[in-house]
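Novice: The structure's right below; bear with me while I get my questions together.
The values are calculated or read from the model by the stated rules, or taken from the named source; none is laboratory data. Worth saying up front: this structure is predicted, and the values here are computed from it rather than measured. Every residue, glycine as well, gets a Cβ built from its backbone with ideal geometry; the counts of neighbours run over all protein chains shown.
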Amino acid sequence: MNTDQKKLIDANLTVGYVAKRSGVKVSTLHFYETKNLIRSWRNSGNQRRYKPDVLRRIAVIKAAQAMGITLDEIKNTLATLPENRTPTKQDWSALSKRWQAQLDERIAYMQRLRDKVNSCIGCGCLSLKSCPIYNKDDHLGDKQSGAVLLNRSNL
């Protein structure tokens, strides 16, 4: 049995080990804890220790972030698990389905943006007479500034 396997069996993982094994910085682990995404406990020397399942939980967090899911959305979704446990394979299937609709919306938005980028950037400006969504009398300026039309589904 190698050292890594022994550490996992001992269920007494140090913050340094978890950081190295999961590929995130120690400061990231601390940040995840402040956001209640992961949990540690303190040993008799007041040092952080983690259970081995934290590695899977971090992997889920990283996978969700790679999909563009916010930490708040990740936290809310993980909170649906009984006793805030680490996701199993079945849990992951259910969790990922929750995020698929968000991903589909983002993909559709990016496709609309791609299809219109040559003719309009969705800014709501007053200057382009050929703009298909010309902002006559600056009615959009009352609502917000910037690319106000990019989020409209009819872009």
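Novice: For the range 107-121, which residues satisfy the criterion of being among the β-branched types (Val, Ile, Thr) and modelled with pLDDT under 70?
Specialist: Of everything in the range 107-121, those that are among the β-branched types (Val, Ile, Thr) and modelled with pLDDT under 70 turn out to be Val117, Ile121.
Novice: Just to verify a result, which residue in the range 64-97, among those that are surrounded by fewer than 14 Cβ atoms within 10 Å (Cβ to Cβ) and of a type in the set (Lys, Arg), is nearest to Leu37 (Cα to Cα)?
Specialist: Checked the range 64-97; the qualifying residue nearest to Leu37 (Cα to Cα) is Arg85.
Novice: Would it be correct to say that Gln90 is modelled with pLDDT of 90 or more and out of contact with any helix residue (DSSP H, G or I) (no Cβ under 6 Å at 6 or more places or on another chain)?
Specialist: No; evaluated as a whole, the condition is false for this residue.
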